[in-house]
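*Asks:* Please read through the structure below; I'll follow up with questions.
Every number in this text was worked out from the coordinates using simple rules, so none of it is lab data. Not measured: the values here are computed from a predicted model. Every residue, glycine among them, receives a Cβ derived from its backbone with ideal geometry; neighbour counts consider all protein chains shown.
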Amino acid sequence: MKASMIKGLGTLVAGLFAALAAPASAQVTSTANGPYYATPSWDQKLTTNRFVILANWNNEAVLDRETGLVWEMSPSASTATFQLADAFLCNGKNLGGRMGWRVPSLWELLTLVDKTQNPALPAGHPFNLGDPPRFWTNTPLSVGFGAQTVWVVVFDGGFARTTGPDGPRRAWCVRGPGGAAPTSPLIQ
């Protein structure tokens, strides 16, 4: 009797270690109730189960397991100037019962670009970008004599470009740490 109990306990422990050793991507589904435990994997390129639709956020938000950022699944078609985008398009947004949304930095938005796809988003993404798939970043670029331009990411080509701050553009809101642009002599 003791030998069979020890053998059964050994099998249970071995199974537990096997489950814990499995890659995180194998443990996540495309739609799941939390907790999600998003450990960013900036040093890894996740090719499967990168995105998790957050079911307990009314399926309105998507966790990017590669960066730990949470993106709105369907960015609003509303537009605003650069100066008003954060205040009117993101800051007051309530998705899945959560506030705290903001316009992403250039570097955050570029983490979603995959130039091998059209639109330029990673294969298997769950996003509904609408048209046109071009979005403000919170990253300005000041150029001599006070003229200001701002970075925009264009997903119907997979590139970033600068534009004037006064044109109406859309914002793809994000939640999570970050948002500050890295220090650069070109960015003021």
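*Asks:* Non-local amide H neighbours of PHE159 (under 5 Å, H modeled in plane, Pro and chain starts lacking H): which ones?
*Replies:* The list, which skips near neighbours in sequence, is VAL154.
*Asks:* Here's something else I'd like to know. Label-point separation (nm) for ASN58 and ALA123, each offset 7 Å from Cα along Cα-to-Cβ?
*Replies:* Placing both labels 7 Å beyond Cα along the Cβ direction yields 3.4 nm.
*Asks:* Using a cut-off of 13 Å between beta-carbons, work out the net charge of the residues near VAL153 (Lys and Arg +1, Asp and Glu -1, VAL153 not included).
*Replies:* Result for the neighbourhood of VAL153: +2.
*Asks:* Name the long-range amide H neighbours of ASN138: under 5 Å, sequence gap of 5 or more, or other chain; modelled H, no Pro or chain starts.
*Replies:* Here SER105, LEU106 satisfy the definition.
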